[in-house]
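Worksheet for the structure shown next.
The values are calculated or read from the model by the stated rules, or taken from the named source; none is laboratory data. Every value quoted in this text rests on a predicted model; they were computed, and no experiment measured them. Here the Cβ is made from the backbone with ideal geometry for all residues, glycine too, and neighbour counts use every protein chain on show. Areas reflect the complete protein model, heavy atoms only, side chains present, ligands, DNA and RNA absent. Shrake-Rupley method; radii C 1.70, N 1.55, O 1.52, S 1.80 Å.
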Amino acid sequence: MRTTSVSVFRIATTGPGDVSGLMDLIGSGAIDPTSILAVLGKTEGNGGVNDFTREYAVAALCTALAPKLGLSPAAVEQRIAFVMSGGTEGVLSPHITVFTRSEAERPAGLSGKRLSIGMAHTRDFLPEELGRSAQITETARAVQAAMADAGIGDPADVHFVQIKCPLLTSDRVAAAKARGNTTATTSAYSSMAYSRGASALGVAVALGEIATEVGDADVLRRYDLFSKVASTSSGIELMHNVVIVLGNSTSSVSECVIGHAVMEDAIDAAAVTAALESVGLGANPQPGCALVNIFAKAEASPDGSVRGFRHTMLEDTDISSTRHARAAVGGLIAGLAGTGAVYVSGGAEHQGPAGGGPVAAIARLSD
């Protein structure tokens, strides 16, 4: 098995099209553009169907990286996994997190498991497959392929699985209808939840968190079925799933490690603290241990309450519940982490227990 070195860079942005921070790091030699494997970003859009800040950010990054890699912008998008999550409500701060991976020699004396990353893609889906068994099955296969790419054999070493998945548009629904097929929903907004949910169930199947006998009827209904490490985000800009597996592996000599916990609800501060403590941070941080970033899912509890008290996130016709949830969970995590530059994505269907969600922390160690 090859030995790799994985590095992680959190870079602030002034807008969806701002690539200056990344270009500065490339110019200084801190980042080798050929080693970039994935970019996760938070953009200041609405996070909905018509959030074009995600596509704008990807286009800007691909255009900037194209001459550095000697590729066309389209080829850059095929080479690097770009996952943009719209919505920086409250104290959340727009930023990108860049993951690089390169071949490396194992330093003498280095032991234990370090941060590793793997990537895979599903095939393109037909509109009528979104939110259904086909998406679950193909996602499970891609997760296993990404684990192999990361050099991770034990599902217990997987701490976060980030997926970018498609959504339905009126044109896509019409195309399915023209073939004599129906889609899981005709609502573009609802399709985001179906796609996220099916993708998350695919992660759970791949990691053995749930039985493989799961299908169409379980998506957005069986909320007792979920993954503790899945984070899925829907977008209009693709028709396949991009799968990024983050975990710890003996094949990595990274300076970083990753750990996770599961938030039971939107105010579960103890889970955030547990995630930080799992990588040597928290109330009593280990010397030389520094936070790189936190990744979490946020959701308005579908039963309309948090710890016995009613919430109004699902009843606000002015602001989407996902925006409320991102602001609430983002504020909680920012207060504990000491920064608003954290990755909090809305819509946690089958991603952690209903109303909660996974939270993962990456820390850099100084050996």
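If R0 is taken as 56 Å, the Cβ-Cβ distance between Thr14 and Glu213 corresponds to a FRET efficiency of 0.70.
For segment 85-172, the fraction of 1.4 Å probe accessible surface lying on carbon and sulfur atoms is 50 percent.
If you wrap segment 230-367 in the convex hull of its Cα atoms and look at it from every side, the mean projected area works out to 9.9 nm². Each Cα pair under 8 Å and six or more residues apart adds its separation to the average, and for the chain the resulting relative contact order is 22 percent. A convex hull fitted around the alpha carbon atoms of segment 11-74 yields 86 Å³ per residue.
For Asp32 and Asn284, a Förster radius of 30 Å and the Cβ-Cβ distance give a FRET efficiency of 0.25, rounded to the nearest 0.05.
Could you grab the relative contact order for segment 1-76? Cα pairs under 8 Å, six or more apart, rounded to a whole percent.
On the way: 51 pairs, mean separation 22.0, N = 76.
Rounded, it is 29 percent for segment 1-76.
Report the charge-dipole magnitude of segment 5-64 in Debye, nearest 20, computed about the Cα centre from +1 at each Lys and Arg Cβ and -1 at each Asp and Glu Cβ. Around 120 debye, computed over segment 5-64.
For the pair segment 61-121 / segment 310-338, the C-alpha centres are spaced 27 Å from each other.
Within the P(r) computed for the chain, what percentage of the Cα pairs occupies the region above 36 Å? Please report the intermediate quantities before stating the final value.
On the way: 9990 of 67161 pairs.
Percent of Cα pairs beyond 36 Å in the chain: 15.
From the phi angles alone, apply the Karplus equation (6.51, -1.76, 1.60; θ = phi - 60°) to segment 113-130 and give each ³J(HN,Hα) in whole Hz, x where the residue is Gly or Pro. Taking θ as phi minus 60°, the curve returns 9, 10, 4, 9, 9, x, 9, 7, 10, 7, 6, 5, 9, 7, x, 6, 8, 5 Hz for segment 113-130. Across q = 0.18, 0.25 Å⁻¹, segment 319-367 modelled as identical point scatterers on its alpha-carbon atoms has Debye log10 I(q)/I(0) values of -0.62, -1.02, in the order of the q list.
Converting phi to 3J(HN,Hα) with the Karplus coefficients 6.51, -1.76 and 1.60 and the offset θ = phi - 60°, segment 38-54 yields 8, 9, 10, x, 10, 10, 8, x, 8, x, x, 4, 9, 8, 7, 5, 5 Hz in sequence order, with x at every glycine or proline. The alpha-carbon positions of segment 171-237 define a convex hull whose volume is 105 Å³ per residue. Projecting the Cα atoms of Thr53, Phe125, Gly21 onto the dipole axis of segment 1-156, where Lys and Arg carry +1 and Asp and Glu carry -1 at the beta carbon, places Gly21 farthest toward the positive end. Based on protein heavy atoms only, the chain ends up with 38 Å² per residue of surface accessible to a 1.4 Å probe.
Beyond 18 Å, what percent of the Cα pairs of segment 273-347 remain? Could the numbers behind the result be given before it?
Details: 1325 of 2775 pairs.
It works out to 48 percent of all Cα pairs.
What relative contact order, as a whole-number percentage, does segment 237-367 give when Cα pairs under 8 Å and 6 or more residues apart are counted?
39
Beta carbons within 10 angstrom, averaged per residue: use that to sort the peptides 119-128, 290-299, highest first.
Values: 119-128: 19.2, 290-299: 24.6.
Top of the packing list down: 290-299, 119-128.
If the chain linking Asp171 and Leu110 were pulled fully straight, counting 0.36 nm for each residue of separation and taking away their Cα-Cα distance, it would gain 16.6 nm. Charge dipole (Cα centre; +1 on Lys/Arg Cβ, -1 on Asp/Glu Cβ; no other charges) of the chain amounts to roughly 380 debye.
In this structure the amide hydrogen of His95, modeled in the peptide plane, comes within under 5 Å of the amide hydrogens of Thr13, Lys42, none closer than 5 places in sequence on its chain.
Rg over Rh for segment 247-302 works out to 1.03, using Cα positions for both radii and the Kirkwood form for Rh.
When the surface is traced with a 1.4 Å probe over the full set of protein chains, Glu103 keeps roughly 130 Å² accessible. Under the convention that each Lys and Arg Cβ holds +1 and each Asp and Glu Cβ holds -1, the size of the dipole of segment 103-232 around its Cα centre is about 260 debye.
Over its Cα atoms, what ratio of radius of gyration to 2.2 N^0.38 Å does segment 150-309 give? Intermediate values should be presented prior to the final figure.
Values: Rg = 18.2 Å, N = 160, 2.2 N^0.38 = 15.1 Å.
So the Cα radius of gyration is 1.20 times the expected 2.2 N^0.38 Å.
Using θ = phi - 60° in the Karplus curve 6.51 cos²θ - 1.76 cosθ + 1.60, the 3J(HN,Hα) couplings for segment 168-176 round to 8, 10, 4, 5, 5, 5, 5, 5, 5 Hz; x is entered for Gly and Pro.
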